[in-house]
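Bear in mind that the values in this text are calculations on the coordinates, not laboratory data. This structure is a prediction, so every number in the text was calculated from the model and none was measured. Don't worry about glycine lacking a Cβ; one is built from the backbone with ideal geometry, like all the others, and counts go over all protein chains shown.
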Amino acid sequence: MLGELKGGAMKFGQAMSVMEAALPEDLAAPYRATLTKLQEAAPALPAATVHRVLAEELGPRWRTAKFQSFDDTPAAAASIGQVHRAVWRDGREVAVKIQYPGAGKALLSDLNQLARVARIAGGWIPGMDIKPITDELKSRMAEELDYTLEAANQRRFAKVFRGDAHFAVPDVLATSEHVIVSEWMDGTPLSQIVTSGTPQQRDAASRRYMEFLLVGPARAGLLHADPHPGNFRLLDDGRLGVIDYGAVNRLPSGLPPAMGSLVAAALCGEAAELELGLRTEGFIKPTMSLDAEALLEYLQPFIEPLSHETFTFSRPWLRSVAAHINDVRRPEFLVGMKLNLPPSYLLIHRVWLGGIGVLCQLGGTVPARQIVVDHLPGMQLRHLPPPVA
């Protein structure tokens, strides 16, 4: 049903598929396989509709003028568009991404409904300033409808990662308002590795995936902001292939330097420094009183992966974190209710929340601490406590 509804409803289903790792096994297991289908496959448009869109966007002779061949059966279908495999006029295999007719109107309607519900729910979380967050969410998600902007984002990533030893981004060959043609990328989708990957694949995919979330902003000035597994491929040469650049956060100076300072303060147990930094960045509103030591205790489970030399992300660990922050009997629960999410951190939060969910689905062992120290701004400027054995 979520797949048929497309738009915001399908995005909701994709988000659930990423975060199912946080749910108790007896609840998540029956839904896992079905929700995972939304990461790469959903009910497709009829071929006649696809042909009409391509004629409008690429010209009436699109099939013969642009392509040597075109597969009417979609290779993948997502929330606002689907992808067809084809051979470009110069012989290159390509992916043709086609936006669903009416997708823009449907998605914006879904976002407006979400904003209304969020304003009501905002009263339950006294520390959260909801309206700026929903406004930012609507603006960023509306950008996903602009395929011209998406193509520009992809071209930027492709340029800075061309020839890279660890990451691969397909080049864009043609674009219009509702169609993007880019190079085809083979490889093993992370969703497949989640289901049946070897331990070696899980470790390799987890490491590259985590690295990309940090390396992308530093090198491209952009954050790939759609972390679900269908957008990533483990290539035969060990590189991580990355597709779909509709959701992107523009960070011309890279990730905020304050992120490194906040993580370092938490790792060092500097409660007062951590509270001051969070207030400065807008995570705690000026009117909100909060005990610094309780705040540090609340955040301890989140920084645990960085307290060890290597860490295995897993469903049981994520479930323990979810239980920690959602247990109304614990004093830390009230701490979480007092925290805010600054709009400028909205997509960063989305990426890291979803990214942790994906890492726990993959179940790989990674040198998370070293990855963060190497790539998160400000981390190398601090003397950190030694890793826990």
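Would you mind checking which residues have amide H under 5 Å from residue 76's amide H? H placed 1.01 Å from N; only 5 or more apart, or other chain.
For residue 76, the qualifying residues are 83.
What distance in nm separates the two pseudo spin-label positions at residue 302 and residue 353, each 7 Å out from Cα along the beta-carbon direction?
Those two pseudo-labels are separated by 1.1 nm.
Any idea what Rg and Dmax come out to for region 141-276 if you just take the C-alpha atoms, in Å?
In Å, with Rg to one decimal and Dmax whole: 16.8, 52.
Straight-line reach only, C-alpha to C-alpha below 17 angstrom: list the aspartates and glutamates that residue 285 could link to, leaving out same-chain residues fewer than 8 apart.
Within reach: 129, 273, 275.
On alpha-carbon atoms, Rg over Rh for region 183-257 using Kirkwood Rh? Could you put the intermediate results ahead of the total?
Working: Rg = 12.8 Å, Rh = 12.9 Å.
Here the Rg-to-Rh quotient is 0.99.
Using the 2.2 N^0.38 Å rule of thumb for compact globular proteins, work out how region 271-389 stacks up: its C-alpha Rg over that value, please.
Numbers: Rg = 15.0 Å, N = 119, 2.2 N^0.38 = 13.5 Å.
Scaled against compact globular proteins, the figure is 1.11.
In the structure displayed, which of 105/159; 66/97; 105/138 lie more than 22 Å apart, Cα to Cα? Intermediate results must be reported in sequence, preceding the final value.
Working: 105/159 32 Å; 66/97 14 Å; 105/138 13 Å.
Check vs 22 Å cut-off fails for 105/159.
How do 285-297, 255-267 rank on mean C-beta neighbours within 10 Å, highest first?
Working: 285-297: 13.9, 255-267: 20.7.
So the peptides 285-297, 255-267, ranked by packing, come out 255-267, 285-297.
Filter the trypsin sites (Lys or Arg not before Pro) in region 44-106 to those in DSSP coil with at most 12 other Cβ atoms within 10 Å of their Cβ, and list the result.
Working: sites: 52, 61, 63, 66, 85, 89, 92, 97, 105; in loops: 61, 89, 92.
Hits after loop and neighbour filter: 61.
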